[in-house]
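The structure appears below as structure tokens.
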Amino acid sequence: MRNLIFEEPGIRVNTNTTQSINHAWERIRVPVVVPALHLAMYICIGMSIMLFLERIYMAIVIAGVKCFGRKRYTKYKLESVKEDLEKHKNYPMVLVQIPMFNEKEVYKLSIGAVCGLSWPSDRLIVQVLDDSTNEVLRTLVDLECRKWIERGINVKYETRNNRNGYKAGALKEGLKKQYVDDCEFVVIFDADFQPDEDFLWRTIPYLLDNPELALVQARWKFVNADECLMTRLQEMSLDYHFSVEQEVGSSTCSFFGFNGTAGVWRIQAVNDAGGWKDRTTVEDMDLAVRASLKGWKFVFVGDLAVKNELPSTFKAYRFQQHRWSCGPANLFRKMMKEIMLCERVSIWKKFHLIYGFFFVRKIIAHWVTFFFYCVVIPATILVPEVHLTKPLAIYLPATITILNAACTPRSFHLLVFWILFENVMSLHRSKATIIGLLEANRVNEWVVTEKLGNMMKQKYSAKASKRPRSRIGERIHVLELLMGMYMLYCAIYNMLFGNDHFFIYLFLQAGAFFIVGVGYVGTFVPN
């Protein structure tokens, strides 16, 4: 009895608990865990191969387009159209819409840039669609509009008492105004976009000379790409989107997703497609798909760039990525049947829309990045019965990564950081796509991406706020911390018991999850 009383109970309990856990693990590992992990691995390998083939296909197409000079927008003869416009003065009426919501830092930039467009003032209407809830800010925007009206620009300041439909609702209401009836084309710029003065001269002629064209889309140029590491990594991802995905879509199927801004629409095509709809958070993509199913064509002008701002705070970027990932998945759910039954487009275009545009790029790309590289591959370290060959674990993702990063050669030295950050963000993107497919909670969440103004202003804000005043609860992200602990455990296990050096990647990836998990990424803005 005395021995029992003075025996160290804590050690005995912990030993028994550990032994029980180990015993339970051994009992379920072979009959349950191994088959489940094998199945997950095969599914992920299949998705990875699908993504790899899609990337190879686009690489071949874009190489052919560039080597043979077959970019679609270079086929159009614009000089004769421009000469005809200047000679006969038959300028079409153009509407420019600037939707905004509490855009305190950037409203002057966008309004000023649009009002400075080179186009006859009597053939141009600038429509500022302000849904701001801040009455002081509304007054300031109104004053800015009046300033340009006094300078001879036809500016219409339109407000709403609600935010029904968010951006889609504002654009839809704007097109209902009586003065829009005379307009043939509508240009859309988000509040942080600053087009050059010749933007209309470099886009409208495409639509004048080609009645089958519905949309002319320009690419984006980021004024704050050098603001911080996070903005540099965003630039790498978006450069691939514009340089490859949009260019390939334009050159092969005459279809790509409208980016929601820096584009010119033929108003007839917008109406023919059913106008703006707010059924998802990607109203721009929704309109583009519907217009494409009606037989309209699009052209992407890769050498025309419009300056804009990347989100430089992680909070803003996180909300943006949720919307950009959840919306396409939800739209895919709503439109898959409509695409399949459409008789006006070819089988090839249906395949491109369903498989390439939606399934692989908007769903598979996120899932394979998270589930394969962050969950399944680390899990195979803990279960030695499941073997993963190096070509699938290393060479395949390496090839995909290099193809993605090749579009931003100036940031190639940041490739490792880009991989780690994209893997972390794939957690949110995968969750968002599942929410969109299931139409679960947050499926219609719309949070306007926070803007901080021009690059110099952002630098000042970043220096002034080296000591962030945000609450600790706003900076701690539990899911990232849990993933970091999981990958750290796998890294330690691999270092102690493995016969390879995979733990190097796992340690780096765990560190990336921890850094993001404590909110130490992007710039900090004081409350």
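Scanning the stretch 118-162 for residues that are over 28 Å from ASP198 (Cα atoms) and in contact with a helix residue (DSSP H, G or I) (Cβ under 7 Å, 6 or more places away or on another chain) gives ASP131, SER132, THR159, ARG160. One residue stands out in the stretch 145-200 among those that are polar (S, T, N, Q) and assigned to a loop (DSSP other than H, G, I, E, B): the one that is nearest to ARG219 (Cα to Cα), namely ASN154. Of all residues in the stretch 456-501, those being modelled with pLDDT under 95, of a type in the set (D, E, K, R) and assigned to a helix (DSSP H, G or I) number 5. Entry remark, the stretch 68-115: residues being surrounded by fewer than 21 Cβ atoms within 10 Å (Cβ to Cβ) and out of contact with any helix residue (DSSP H, G or I) (no Cβ under 9 Å at 6 or more places or on another chain) number 10 in total. Scanning the stretch 207-243 for residues being open to solvent by less than 10 Å² (accessible area, probe 1.4 Å), over 30 Å from TYR520 (Cα atoms) and in contact with a helix residue (DSSP H, G or I) (Cβ under 9 Å, 6 or more places away or on another chain) gives a total of 6.
Taking each residue of the stretch 436-450 that is under 21 Å from ASP130 (Cα atoms) and looking for partners that are of a type in the set (A, V, I, L, M) and open to solvent by less than 40 Å² (accessible area, probe 1.4 Å) with beta-carbon atoms closer than 6 Å, six or more apart or interchain, yields THR449/ALA316; GLU450/ALA316.
Listed here are the residues, each with its yes/no results for (1) closer than 26 Å to ALA491 by Cβ; (2) out of contact with any helix residue (DSSP H, G or I) (no Cβ under 6 Å at 6 or more places or on another chain).
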{"site": "TYR355", "(1), (2)": "no, yes"}
{"site": "LYS362", "(1), (2)": "no, no"}
{"site": "HIS366", "(1), (2)": "yes, no"}
{"site": "VAL376", "(1), (2)": "yes, no"}
{"site": "LEU396", "(1), (2)": "yes, no"}
{"site": "THR399", "(1), (2)": "yes, yes"}
{"site": "ALA405", "(1), (2)": "yes, no"}
{"site": "THR408", "(1), (2)": "no, no"}
{"site": "SER411", "(1), (2)": "no, no"}
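Listed here are the residues, each with its yes/no results for (1) more than 15 Å from TRP119 (Cα to Cα); (2) over 27 Å from the mean Cα position of the chain (by Cα).
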site: LYS167; (1), (2): yes, no
site: ALA170; (1), (2): yes, no
site: GLY174; (1), (2): yes, no
site: LYS177; (1), (2): yes, yes
site: GLU184; (1), (2): no, yes
site: ASP192; (1), (2): yes, no
site: TRP201; (1), (2): no, yes
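Selection of first residues in the stretch 125-150 that are small (Gly, Ala, Ser) and of second residues that are open to solvent by 80 Å² or more (accessible area, probe 1.4 Å), restricted to Cβ pairs under 9 Å at least 6 apart or on distinct chains, gives the following pairs, ordered by first then second residue: SER132/LYS104.
Let's see how each residue does on (1) loosely packed, with under 14 Cβ neighbours inside 10 Å; (2) modelled with pLDDT under 95; (3) more than 29 Å from THR203 (Cα to Cα):
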site: CYS44; (1), (2), (3): no, yes, yes
site: ASP122; (1), (2), (3): yes, yes, no
site: SER132; (1), (2), (3): no, yes, yes
site: GLU135; (1), (2), (3): yes, yes, yes
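Name the residue that is nearest to ALA512 (Cα to Cα), counting only residues in the stretch 403-423 that are open to solvent by 80 Å² or more (accessible area, probe 1.4 Å) and touching a residue at least 12 places away in the same chain (Cβ under 8 Å). Here the answer is PHE417. Could you look through the stretch 267-283, keep only residues that are touching a Phe, Trp or Tyr at 6+ places or on another chain (Cβ under 9 Å) and crowded, with 22+ Cβ neighbours inside 10 Å, and pick out the one that is modelled with the lowest pLDDT? Top of the filtered list is THR281.
Residues that are open to solvent by less than 10 Å² (accessible area, probe 1.4 Å) and in contact (Cβ under 8 Å) with a residue 24 or more places away in the chain number at least 1 in the following helices (runs of 4 or more DSSP H) confined to the stretch 298-386: 314-341, 377-382. Of the numbered criteria (1) closer than 17 Å to GLY295 by Cα; (2) modelled with pLDDT of 95 or more, the one SER254 fails is (2).
The values are calculated or read from the model by the stated rules, or taken from the named source; none is laboratory data. Note that the structure is a prediction, hence the values are computed from the model and not measured. Neighbour counts run over all protein chains shown; Cβ positions are idealised from the backbone, glycine included. For accessibility, only protein heavy atoms count, side chains too; no ligands or nucleic acids. Shrake-Rupley method; radii C 1.70, N 1.55, O 1.52, S 1.80 Å.
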